[in-house]
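Below you'll find the structure, written out as structure tokens, and then a few comments.
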């Protein structure tokens, strides 16, 4: 334990074992054994965006690598709420359900619960392949909320600075000195009306979280709809603001991880000291190796794993109408040439840009997804004897959009002209297939 490739090949050829996993390649004996095994220590470098893992014995490392967690869960939940609210507003009458919502004890926000579940799922996957006898997890270097409030406990960890949004916006304005933070603002010293702007709205996926590091103060002239468009002032603007998002996440869930897995806890300063003693470079894999107690030189090539979204469950999609801009002659969306009205306060209204709508090029659409499509983003298909990565489905499931087609940015082909190569969802190990350098092999038990 572990066996050698030669012995595994002999066991498979003789029918004494079967394959249960490809990455890492794992076999299972189909006859009884006396259970010869050695103690294995598993180290986990828990994190907000990456997880390091390493399983070692006294003489060698058996498995190790890094997991890149799926991001954008909060944005998908916000999008779902928007679509649900739009559907419900079409009803003539709907009974009130304000008091029907209940939260169980230990409830976490869905975006945090998703990352917590991934930590637990990864440990269970490794335990299904190896007889782990000891688990050690590094949760965080420090408790940012504990530093601010030494008496904090229980659900108070979920009541951070952004608990009250009004209080938060006042804090942002006070932090920025009640001045527009746009360096090219013409009315920085004379403007009296200020708004709070989300810096990461343009990212993919968008970041519209209300944490202080994602908010900044702008005047109502700079914070306008045209300035949010691609190529304009606010699109791509990233002033440096300190973020504690990852630390707050670990402060929220680190006790839950330790309690649910019944593991030992390690701290970042200890890991850093031991890693420097072993003269190892900084990486999540090396941190996990040190957390597990590794000191041997017999290492393995790290396994890079990516978490991929399983399904897009949105049943409807909205597309904005397109108009010709009278000023430039270019085709723009209807939201760009808006009426300028944003609030009931007339002083905050912008310019009425609808007067520049010259000709409607395409009308707005509301498309309903009526069936589950055969391919999901990041699947691999074969087209014209080559393998390509799927970006998505179009035209109600009749077209497949593929990446890296020669001479075309995103080519759409008929679904009948492609052949499935690999379904990819959940935790997938990294490898290169065809013209794409993304991941391909699902890191999950089969058979």
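Couple of notes before you dig in:
- Scan of segment 374-394 for residues that are assigned to a loop (DSSP other than H, G, I, E, B), surrounded by fewer than 18 Cβ atoms within 10 Å (Cβ to Cβ) and in contact with a strand residue (DSSP E or B) (Cβ under 8 Å, 6 or more places away or on another chain), ordered by number: 374, 377
- Hits in segment 404-422 (condition: in contact (Cβ under 8 Å) with a residue 40 or more places away in the chain and in a strand (DSSP E or B)): 420, 421, 422
- In the set 264, 270, 279, 306, only one residue is farther than 30 Å from residue 197 by Cβ, in contact with a strand residue (DSSP E or B) (Cβ under 6 Å, 6 or more places away or on another chain), surrounded by fewer than 17 Cβ atoms within 10 Å (Cβ to Cβ) and modelled with pLDDT of 80 or more; that residue is 264.
- One residue from 361, 355, 324 being in a strand (DSSP E or B) and either more than 30 Å from residue 390 (Cβ to Cβ) or in contact with a helix residue (DSSP H, G or I) (Cβ under 7 Å, 6 or more places away or on another chain) (or both): 324
- Of all residues in segment 256-286, those being more than 22 Å from the chain's Cα centre (by Cα) and assigned to a helix (DSSP H, G or I) number 15.
The values are calculated or read from the model by the stated rules, or taken from the named source; none is laboratory data. Computed from a predicted structure; not experimentally measured. Quick reminder, even Gly has a Cβ in these numbers, built from the backbone with ideal geometry, and neighbours come from all protein chains shown.
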